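Notes follow once the structure below has been shown.
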Amino acid sequence: VIPFYSREKILVAFQGRALGDSKLRYITIKLIDDFPKIFGLDRWNPKKKTYVVEGPFDSMFLPNCLAMAGSDAFVNNRHDIYEDFMDSDATYIFDNEPRNKEIIKRMNSVIERRFNVCIWPAGLEKDLNDMVLAGRNVIQILEIINKNAYHGLSAKMKMTNWKRM
């Protein structure tokens, strides 16, 4: 069970993850209905470079990292975190799955909203957890992410090539 806290360290949700074979891998229970499902807010500094990944486990590998437990994480602007996030220097990091239509859709959405997005070079593992298991350290992973972070037209062009890998 993974707890989700607000910036004020109030428990706002929790998530269970199946560890074995299961059709349902995650279930998230929100204690505050309109609070966005974002993991890591209790340790986030909006004044520093922010990394945004898909899941809580991957977020634990990077400094100042948030995890979206839903693709609509920053759509709801009813919370103070929305403004802070929009003003932050954020790079979105999706799994390295160029054939996954849902990931492509989410990456396009991030590019359209003018955020940086990491577009992985060829030959890397599927996600941050797999990169760590393969022996890469945090400094190496951050170097790869920062070297491969794009926005705007350059992100669109890079993603067009990445989808074909």
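Before moving on, here are some points about what is shown:
- Checking Ala13 against (1) buried (at least 18 other Cβ atoms within 10 Å of the Cβ); (2) within 17 Å of the chain's Cα centre (by Cα); (3) over 18 Å from Phe115 (Cβ atoms), the condition it does not meet: (2)
- Phe94 being touching a helix residue (DSSP H, G or I) at 6+ places or on another chain (Cβ under 8 Å) and at pLDDT below 90: no
- Long-range neighbours under 8 Å by Cβ, at least six apart or interchain, first residue under 17 Å from Asp127 (Cβ atoms) within the range 97-112, second open to solvent by 60 Å² or more (accessible area, probe 1.4 Å): Glu97/Lys126; Pro98/Lys163; Pro98/Arg164; Pro98/Met165; Arg99/Lys163; Ile104/Lys163; Arg106/Ser71
- The range 20-33 residues that are in contact (Cβ under 8 Å) with a residue 40 or more places away in the chain, paired with ones that are of a type in the set (A, V, I, L, M, F, W, C) and surrounded by 10 or more Cβ atoms within 10 Å (Cβ to Cβ) (beta carbon under 6 Å, 6 or more apart): Thr28/Ala13; Thr28/Ala69
- The set of residues in the range 41-60 that are free of Cβ contacts under 8 Å to residues at least 60 places away in the same chain and assigned to a helix (DSSP H, G or I) comprises Leu41, Asp42, Arg43, Pro56, Ser59.
The values are calculated or read from the model by the stated rules, or taken from the named source; none is laboratory data. Bear in mind that the values here come from a model prediction, so they are computed numbers and not experimental data. Please note: Cβ atoms are built from the backbone with ideal geometry, for glycine as well, and neighbour counts cover all protein chains shown. These accessible areas exclude ligands, DNA and RNA; they are computed on the full protein's heavy atoms, side chains included. Shrake-Rupley method; radii C 1.70, N 1.55, O 1.52, S 1.80 Å.
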